1. Restricted to the range 172-189, and to residues that are assigned to a strand (DSSP E or B) and touching an Asp or Glu at 6+ places or on another chain (Cβ under 9 Å), which residue is surrounded by the most Cβ atoms within 10 Å (Cβ to Cβ)?
2. Given (1) without any contact (Cβ under 8 Å) to a residue 12 or more places away in the chain; (2) more than 15 Å from the chain's Cα centre (by Cα), identify the lone condition not met by Gly115.
3. Count, please, the residues in the range 30-50 that happen to be exposed (fewer than 13 other Cβ atoms within 10 Å of the Cβ), farther than 19 Å from Ile110 by Cα and either touching a Leu at 6+ places or on another chain (Cβ under 8 Å) or in contact (Cβ under 8 Å) with a residue 24 or more places away in the chain (or both).
4. One residue is enough: does the range 154-163 have a residue meeting the conditions charged (D, E, K, R) and over 25 Å from Ala122 (Cβ atoms)?
Amino acid sequence: MIKRLFAGLILAALTLPALAAFDLGQLMGELARHKGGKARFVEKKYLAVLDKPVVSSGEMSYTAPDRLEKRTLTPKVETLLLDKDMLSIEREKQKLTINLSNQPEALAFIDSIRGTLTGNRAALEKNYALFLAGNLDKWTLTLLPSDPKIAALVQRITVSGSKNQIRNIEYLQADGDRSVMSIEPIDNR
């Protein structure tokens, strides 16, 4: 608890100069104007039990406000589809559908993604303390869980980007494992 409080104070101190020039309201407004698109991703998962990260890649599509599809193409094909509060996972001819409204911790975790994509500050602040650094061209938004149940799962979520484009998402789990996803928008012209 003290570590998190101390980390939050350090993050707050580091972000103070940036707040004067660029604030959460501006970032959320930019993100809210982005109505969707497609992107390629590369995700690296760093797990304590493995010597090397697990690397996967594929494509993602987002349609505001609440449809997100992640299609992993390598090393194994897998599709995750989030449509409102329903999460479907399809892998090797097996499909699992989860109603997230029955899973409050999972829903709060998903809302970190959905809230950021939609620029919904109120949804994010419901479960996270928000810290912003940078400027419109290069920003970093750090989410620290305010709910102990979420903090038991996720220590920190760091989202960075430029203007209304999210370019990186890093999840640091409470157990020390982490995932870093790099996102490259696909030009839809």
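The values are calculated or read from the model by the stated rules, or taken from the named source; none is laboratory data. Predicted model only: the values in this text are computed from it and were never measured. Quick reminder, even Gly has a Cβ in these numbers, built from the backbone with ideal geometry, and neighbours come from all protein chains shown.
1. Among them, the one singled out is Met181.
2. So the condition that Gly115 fails would be (2).
3. Within the range 30-50, residues that are exposed (fewer than 13 other Cβ atoms within 10 Å of the Cβ), farther than 19 Å from Ile110 by Cα and either touching a Leu at 6+ places or on another chain (Cβ under 8 Å) or in contact (Cβ under 8 Å) with a residue 24 or more places away in the chain (or both) number 2.
4. no
Residues checked against (1) within 16 Å of the chain's Cα centre (by Cα); (2) under 13 Å from Ile110 (Cβ atoms); (3) among the β-branched types (Val, Ile, Thr):
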position: Lys52; (1), (2), (3): no, no, no
position: Ser61; (1), (2), (3): yes, no, no
position: Arg67; (1), (2), (3): yes, yes, no
position: Lys70; (1), (2), (3): yes, yes, no
position: Pro75; (1), (2), (3): no, no, no
position: Glu78; (1), (2), (3): no, no, no
position: Leu81; (1), (2), (3): yes, yes, no
position: Thr97; (1), (2), (3): no, no, yes
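This table checks each residue for (1) among the charged types (D, E, K, R); (2) farther than 20 Å from Met60 by Cα; (3) modelled with pLDDT under 95.
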| position | (1), (2), (3) |
| --- | --- |
| Ile98 | no, no, yes |
| Thr118 | no, no, yes |
| Ala129 | no, yes, no |
| Leu141 | no, yes, no |
| Arg156 | yes, yes, no |
